[in-house]
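Handing you this structure, nothing more for now.
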Amino acid sequence: MSILQVEHICKSFGNTEVLKDISFSLEQGQVISIIGSSGSGKTTLLRCLNFLERPDGGVIRVKGETLFDAKDPSTLNESAIRKKRLHFGLVFQSFNLFPQYTALENVMLAKELLAKEQPDYKARKNEIHQEIQAQAELLLKQMGLSDRMTNYPHQLSGGQCQRVAIARALALQPDILCFDEPTSALDPELTGEVLKVMKELAEQNTTMVIVTHEMAFARDVANQVIFMDDGRILEQGTPEELFENTREERTRQFLSRFTEG
Amino acid sequence: MELFLDQLPIVIQALNVGFVQTLKLFFVTLLGAIPLGLLISFGTMSRFKPLSWLTKLIVWIIRGTPLMIQLLIIYFFPGLVFGVPIWGGGESGRFLAASVSFILNYACYFSEIYRGGIQSVPIGQDEAGLVLGMTKSQIFFKIKLLQMVKRIVPPMSNEIITLVKDTSLARIVALQELIWAGQAFMKGSHGISGAIWPMFFTAFYYLIWNGIVTVLLGRLEKKLDYFQ
């Protein structure tokens, strides 16, 4: 069974239909890349998965559990949504690190707050804190940031910030890690270091949904590529199918801009 | 000159007593208005429209009318109009009424500064907190509050410096604060009468206290410089 099933997701802002009947599924340990021009609905789709936007219609299932069903009001409850969000991690284009916390604290904060909800938190406070810190240090190390743990976000480069943000998302061990154009705010030099850690994550079979404009990367890392246009999934398939045996004229037109440029 | 030197210790002692009352009003106002302002700012930002309108109306009235009038109304209205002198008599009653007026007035000003501060924290901070499974109150207290505090220190400093001087308005309900203590020497107090210089001399108290306040707030601003 697929780890993620998205069925018939629709979303409008006012009279503008941003997502029109989006359906796809994702297998455990696989990577799906979503490409398409700006305004095609890619980001909105990710935001729907993370419950930052509420779809007008459709169903979202993770591991067979229905997290969202527009027809079932019991899945729309605000406090239940908070827990459901934890199935997903989201890495933002603009990092959104917490400026008053160090890199290490950024990675630890959410986990510590969640730990406080455990019944045995008071008794094991120090132990839990140690565990969370050890895990955060390990994650930052994996991101190549061992010597940056006590730095504040404004002391880090964009690429370093984004790697902290990836560690922060990974700290909660989400089932599916989503990336919203993670390198679009970076200059080309820094893009590489972020793509490198994402590639490593893919090699470790992290389940990921990646919205990106890095075509070479999408092709290289993804098991499946989705091309979105005007709120629809126009074409989807393996990277070979989509990039080499492109079916739709619109997709070919979009891709040509990258090969020519 | 000899007379002045004779009078000086007496005057200073009396002014000190007045200044203590000034300081009490200053601190009580801050202690009350800082949290009340936050509640009012939540009210004005509420998505529940009747609450938002009501608090905006209150802020409009309080900021739109002189603090001196508010003081007079709050002090005299309950007793004179409704026949219920809720503040009690004497200096403690005057202090209570003045405190309520000042807290309400300053809370309204603070609330607008807070609102600006809260709204200037990028929405991405909320979203990052949400996707990490935080509750709205965790996002406010753990993420946004300090960022907001950093942004509002300069405009708050301005208001707090104004408050130091505004405490003198409590003279209008005969609160025995610094100005009252200085003025008393004109008509006669502690065996001195017809002396106008003690009232002018009070200016030094405000000036020095504001100097201290400015330095302390400047330190706070510096302390928050560790992040951007």
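The values are calculated or read from the model by the stated rules, or taken from the named source; none is laboratory data. Computed from a predicted model, the values in this text were never measured in an experiment. All Cβ positions, even for glycine, are placed from backbone atoms using ideal geometry, and neighbour counts span all protein chains on display. Accessible surface areas use protein heavy atoms only, side chains included; no ligands, DNA or RNA. Shrake-Rupley method; radii C 1.70, N 1.55, O 1.52, S 1.80 Å.
Rounded to the nearest whole Å², what accessible area per residue is found for the stretch B:2-227 with the 1.4 Å probe?
Accessible area per residue, the stretch B:2-227: 51 Å².
My understanding is that a pair violates if its Cα-Cα distance is over 30 Å; which of A:LYS20/B:LYS144; A:LYS42/A:LYS83; A:LYS111/B:LYS49; A:LYS42/A:LYS196; A:LYS63/A:LYS116; A:LYS71/A:LYS111 do that in this structure? Intermediate results must be reported in sequence, preceding the final value.
Numbers: A:LYS20/B:LYS144 35 Å; A:LYS42/A:LYS83 24 Å; A:LYS111/B:LYS49 35 Å; A:LYS42/A:LYS196 22 Å; A:LYS63/A:LYS116 26 Å; A:LYS71/A:LYS111 32 Å.
Among A:LYS20/B:LYS144; A:LYS42/A:LYS83; A:LYS111/B:LYS49; A:LYS42/A:LYS196; A:LYS63/A:LYS116; A:LYS71/A:LYS111, the Cα-Cα distance tops 30 Å for A:LYS20/B:LYS144; A:LYS111/B:LYS49; A:LYS71/A:LYS111.
Starting from the Cα of A:SER38, step 7 Å along the direction of its Cβ; do the same at A:ALA134; then give the gap between the two resulting points in nm.
4.7
Rank-order A:29-42, B:71-84 by packing density, defined as the average count of other C-beta atoms within 10 Å over each peptide's residues, highest first.
Ranking the peptides A:29-42, B:71-84 by packing returns A:29-42, B:71-84.
Restrict the search to the stretch A:190-261; then list the GluC sites (Glu not before Pro) that DSSP places in a loop and that have at most 14 other Cβ atoms within 10 Å of their Cβ.
Taking the stretch A:190-261 and a limit of 14 other Cβ atoms within 10 Å, the loop GluC sites (Glu not before Pro) found are A:GLU244, A:GLU248.
To continue, here is another question. Based on the alpha-carbon gyration tensor of the stretch A:1-125 and its eigenvalue square roots a ≥ b ≥ c, which shape applies: rounded if a/c is under 1.5, prolate if not and a/b is larger than b/c, or oblate?
Working: a/c = 1.92, a/b = 1.51, b/c = 1.28.
It is prolate, given that a/c is not under 1.5 and a/b is the larger ratio.
Using the basic label-point model (7 angstrom from Cα toward the beta carbon), what is the A:LYS20 to B:VAL84 distance in nanometres?
So the two model labels end up 6.5 nm from each other.
Here is a further query. Fully extended, how many nm does the chain gain between B:GLN228 and B:SER120 (0.36 nm per residue separation, minus their Cα-Cα distance)?
Stretched fully, the B:GLN228-B:SER120 segment lengthens by 37.6 nm.
Is any residue of the stretch A:157-174 close enough, with backbone N under 15 Å, to a label point placed 7 angstrom from the Cα of A:ASP147 along the Cα-Cβ axis, and if so, which?
Within reach of a label on A:ASP147: A:157, A:160.
Still on this structure: How tilted is helix A:125-142 with respect to the longest principal axis of chain A? Cα atoms for both, answer in degrees (0 to 90, nearest 10).
50
Counting only protein heavy atoms and using a 1.4 Å probe, what share of the accessible area of the protein assembly as shown belongs to carbon plus sulfur, as a whole percent?
Details: 13800 of 23620 Å².
Roughly 58 percent, rounded to a whole number.
Top mean-square fluctuation among A:ALA136, A:ALA110, A:ALA202, Gaussian network model of chain A, C-alpha springs under 10 Å?
For chain A, modelled as a Gaussian network with Cα springs under 10 Å, the answer is A:ALA110.
Quick check: from the Cα gyration tensor, does the protein assembly as shown come out rounded (a/c under 1.5), prolate or oblate?
Prolate, since a/c reaches 1.5 and a/b exceeds b/c.
Run the numbers on the stretch B:123-201 and let me know its relative contact order in percent, using alpha-carbon pairs under 8 Å that are six or more apart.
14
Further, regarding this structure: Tell me: how much accessible area in total is hidden between B and A, 1.4 Å probe, Å², nearest 100?
Buried surface at the B/A interface: approximately 2100 Å².
Using only Cα atoms and rounding to the nearest 10 degrees, what angle (0 to 90) does helix A:188-203 make with the longest principal axis of chain A?
80
What is the angle, in °, between the Cα long axis of helix A:249-260 and the longest principal axis of the Cα atoms in chain A? Nearest 10 is fine, range 0 to 90.
So the inclination is approximately 60 degrees.
What is the distance, in nm, between label points placed 7 Å from the Cα along the Cα-to-Cβ direction at B:LEU39 and at B:HIS190?
It is 4.0 nm.
Taking θ as phi - 60°, what are the ³J(HN,Hα) couplings along the stretch B:198-212 by the Karplus curve (6.51, -1.76, 1.60), each to the nearest whole Hz, with x for Gly and Pro?
My calculation for the stretch B:198-212 gives x, 5, 5, 5, 4, 4, 4, 4, 4, 4, 5, 4, 5, x, 5 Hz in order.
Taking a 1.4 Å probe, which of A:LEU26, B:LEU104 shows the most accessible area, and what order do the others take after it?
Ranked list, largest accessible area first: B:LEU104, A:LEU26.
Give the average, rounded to an integer, of partner chain Cβ atoms located within 10 angstrom of each Cβ in A:93-102.
Across A:93-102, the average partner-chain Cβ count within 10 Å equals 6.
Also: Taking a ≥ b ≥ c as the square roots of the Cα gyration tensor eigenvalues, with a/c under 1.5 meaning rounded and otherwise prolate when a/b beats b/c, else oblate, which class fits chain B?
Oblate, because a/c is 1.5 or more while a/b does not exceed b/c.
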